Amino acid sequence: MIFRQLFDSVSGTYSYLLASRAGGEALILDPVLEKVDRYCQLLRELDLKLVKAVDTHLHADHVTGLGELRDRTHCVTIMGEQSKADVVAMRVSEGDKVTIEGLALDVMYTPGHTDDSYSFLMGDRVFTGDTLLIRGTGRTDFQNGSARAQYDSIFNRLLKLPEETLVFPAHDYKGDTVSTIGEEKRFNPRLQVKSVDEYIELMANLKLPNPKMMDVAVPANMHVGLHQDDLAKQGLSFTAREAIDSLGRPDILLVDLRENSERLKHGTLPGALHAPYPAIGESLQPGGMLREVAAATGRRIVFFCAFGERSAMAVAAAKDAGLANTAHIAGGIDAWKKAGGPVLTG
């Protein structure tokens with residue numbers, strides 16, 4: 001496994017690059033906008049392809065690198081389903097898995113620092129975001145934070161993991177890089193409380209100043225969505241209502257770009273062909289499945305995904321590959337459901 005811990009000294013943020021050689025698929029956790037050049041350089045040096053970028057929560061102390069990485073690498077952006085960010089490509093919840101070739105992260109909902117805070121467990125290590133820090137815990141006094149929820153997340157979820165589990169947080173301000181669950185149980189001063197009420201009182205009396213970047217970072221991080229309006233102006237976009245009305249038309253082929261786990265969880269659309277987004281490049285090349293289907297049938301390919309991010313990128317990829325007769329469903333299956341479109345489940 002390839003594992004890199006990367007540090008942004010301005011905000012004290014740790015980002016993590018994960019990969020498992022073979023085809024070189026990579027994932028990054030909590031990227032920082034100002035470090036995107038460095039991440040891209042490292043990806044080139046290690047001959048890796050970034051396929052997923054994940055934020056553990058909506059950050060208040062730095063601007064996320066999710067949008068910039070998506071624009072540069074066409075990766076899938078991921079956050080928890082509670083996130084206030086306008087559009088990310090995939091939203092995950094408790095019990096889901098985030099997978100790339102050779103690696104899987106178990107999704108743990110661990111609110112408290114914010115109401116959209118998640119941790120990600122991978123084998124012998126857990127990425128705790130700002131929920132559990134090394135000898136500390138994330139503040140709970142803004143962004144719908146809750147000391148009670150955080151106590152539950154830490155004591156009833158994270159501290160139940162095996163004691164030897166490595167703890168990799170999203171921040172550290174003292175130079176520590178890693179801890180373990182056992183160490184934090186014994187030596188983290190905020191965890192030596194006798195009750196949830198004692199923890200709530202402790203967190204209420206920290207009297208911390210707001211992060212310097214907060215007024216810039218929070219609004220910026222809520223707008224990481226790909227601008228789908230451009231496709232609509234070019235006539236390459238269907239509204240959910242238009243897509244519903246086009247069901248069954250012989251000149252249109254719906255193509256579902258989501259992963260199997262999303263299809264099982266959220267259902268599928270009638271008559272749709274499944275072509276997962278990570279392989280879209282090959283599928284659009286001469287000899288590729290979508291290229292061949294389009295040529296053989298003359299049908300217009302209409303891509304869709306969860307929220308319209310991946311499908312918008314697929315339309316651009318198709319154009320680059322010389323396949324002009326494509327479009328996408330703006331807002332994805334989320335918009336389709338809200339407009340009352342039929343969904344197949346089971």
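The values are calculated or read from the model by the stated rules, or taken from the named source; none is laboratory data. Source: prediction; values computed, not measured. We place every Cβ from the backbone using ideal geometry, glycine too, and count neighbours over all the protein chains shown. Only protein heavy atoms, including side chains, enter the accessible area calculation; ligands, DNA and RNA are left aside. Shrake-Rupley method; radii C 1.70, N 1.55, O 1.52, S 1.80 Å.
Pairs linking a residue in segment 2-18 that is under 19 Å from Ser119 (Cβ atoms) and in contact (Cβ under 8 Å) with a residue 24 or more places away in the chain to a residue that is of a type in the set (D, E, K, R) and part of a strand (DSSP E or B), with Cβ atoms under 6 Å and 6 or more positions apart or on different chains, are Leu17/Arg4. Which of the residues that make up segment 285-307 are touching an Asp or Glu at 6+ places or on another chain (Cβ under 8 Å) and of a type outside the set (Phe, Trp, Tyr)? Within segment 285-307, Gly288, Gly298, Arg299, Arg300, Cys305, Ala306 meet the criteria.
For Asn156, the stated conditions hold: it is over 30 Å from Arg310 (Cα atoms) and open to solvent by 60 Å² or more (accessible area, probe 1.4 Å).
Of all residues in segment 39-57, count the ones that are closer than 16 Å to Gly225 by Cβ and open to solvent by 10 Å² or more (accessible area, probe 1.4 Å). So the answer is 0. Selection of segment 130-146 for residues being open to solvent by 30 Å² or more (accessible area, probe 1.4 Å) and small (Gly, Ala, Ser) yields only Ser146. Residue count for segment 183-206, restricted to those that are touching a Ser or Thr at 6+ places or on another chain (Cβ under 8 Å) and farther than 15 Å from Arg148 by Cα: 1.
As a summary of the residue check, Arg291 satisfies the conditions (1) buried (at least 16 other Cβ atoms within 10 Å of the Cβ); (2) at pLDDT 95 or above except for the one numbered (2).
Of all residues in segment 235-249, none are within 29 Å of Leu48 (Cα to Cα) and part of a helix (DSSP H, G or I). Taking every residue in segment 295-309 that is on the phi > 0 side of the Ramachandran plot and pairing it with any residue that is open to solvent by less than 10 Å² (accessible area, probe 1.4 Å) and of a type outside the set (A, V, I, L, M), at least 6 positions away or on another chain, the pairs with Cβ-Cβ distances below 7 Å are Gly308/His328; Gly308/Gly332.
Residues that are open to solvent by 10 Å² or more (accessible area, probe 1.4 Å) and assigned to a helix (DSSP H, G or I) within segment 14-38 comprise Leu33, Glu34, Lys35, Asp37, Arg38, listed in sequence order.
Restricting attention to segment 258-268, does a residue exist that is open to solvent by less than 20 Å² (accessible area, probe 1.4 Å), of a type in the set (D, E, K, R), closer than 30 Å to Ile333 by Cβ and assigned to a strand (DSSP E or B)?
Our first condition is that a residue be open to solvent by less than 20 Å² (accessible area, probe 1.4 Å); within segment 258-268, this holds for 258, 262, 267.
Pick out the ones that are also of a type in the set (D, E, K, R) and you get 258, 262.
Okay, now just the ones that are also closer than 30 Å to Ile333 by Cβ, so 258, 262.
Subsequent filtering for residues that are assigned to a strand (DSSP E or B) retains none.
Scanning segment 258-268 turns up no residue that is open to solvent by less than 20 Å² (accessible area, probe 1.4 Å), of a type in the set (D, E, K, R), closer than 30 Å to Ile333 by Cβ and assigned to a strand (DSSP E or B).
Quick one: count up the residues across segment 197-213 that are open to solvent by 40 Å² or more (accessible area, probe 1.4 Å), of a type in the set (A, V, I, L, M) and not in a loop (DSSP other than H, G, I, E, B). Before the answer, list the steps.
Just the residues of segment 197-213 that are open to solvent by 40 Å² or more (accessible area, probe 1.4 Å), to begin with: 197-198, 200-202, 204-210, 212-213.
If we keep only those that are of a type in the set (A, V, I, L, M) too, we end up with 200, 202, 204, 206, 208, 213.
Subsequent filtering for residues that are not in a loop (DSSP other than H, G, I, E, B) retains 200, 202, 204.
The number of residues fulfilling the criteria is 3.
Considering only residues in segment 83-110 that are within 20 Å of Leu264 (Cα to Cα) and in a loop (DSSP other than H, G, I, E, B), the one that is most open to solvent (accessible area, probe 1.4 Å) turns out to be Glu94.
Within segment 52-84, can you find the residues that are hydroxyl-bearing (Ser, Thr, Tyr), over 16 Å from Pro211 (Cβ atoms) and within 11 Å of the chain's Cα centre (by Cα)?
In the first step, residues of segment 52-84 are kept if they are hydroxyl-bearing (Ser, Thr, Tyr); the result is 56, 64, 73, 77, 83.
If we keep only those that are over 16 Å from Pro211 (Cβ atoms) as well, we get 73, 77, 83.
The answer is Thr77, Ser83.
Only one of the numbered conditions (1) open to solvent by less than 30 Å² (accessible area, probe 1.4 Å); (2) in contact with a strand residue (DSSP E or B) (Cβ under 8 Å, 6 or more places away or on another chain); (3) over 29 Å from Asn260 (Cβ atoms); (4) without any contact (Cβ under 8 Å) to a residue 40 or more places away in the chain is not met by Glu163, and that is (1). When the residues of segment 294-308 are narrowed to those that are at pLDDT below 95 and outside any loop (DSSP other than H, G, I, E, B), which ends up least open to solvent (accessible area, probe 1.4 Å)? Among those that are at pLDDT below 95 and outside any loop (DSSP other than H, G, I, E, B), it is Ala294.
Consider Ser83 carefully, then state whether it is closer than 22 Å to Phe142 by Cα, without any contact (Cβ under 8 Å) to a residue 40 or more places away in the chain, out of contact with any Phe, Trp or Tyr (no Cβ under 8 Å at 6 or more places or on another chain) and not aromatic (Phe, Trp, Tyr). Explain how you work it out, then say what you get.
Details: closer than 22 Å to Phe142 by Cα: yes; without any contact (Cβ under 8 Å) to a residue 40 or more places away in the chain: yes; out of contact with any Phe, Trp or Tyr (no Cβ under 8 Å at 6 or more places or on another chain): yes; not aromatic (Phe, Trp, Tyr): yes.
In short, yes.
Restricting attention to segment 167-182, the residues that are in contact (Cβ under 8 Å) with a residue 24 or more places away in the chain and either outside any strand (DSSP E or B) or surrounded by fewer than 15 Cβ atoms within 10 Å (Cβ to Cβ) (or both) total 8.
Scanning segment 111-126 for residues that are in a strand (DSSP E or B) and surrounded by 24 or more Cβ atoms within 10 Å (Cβ to Cβ) yields Tyr118, Ser119, Phe120, Val126.
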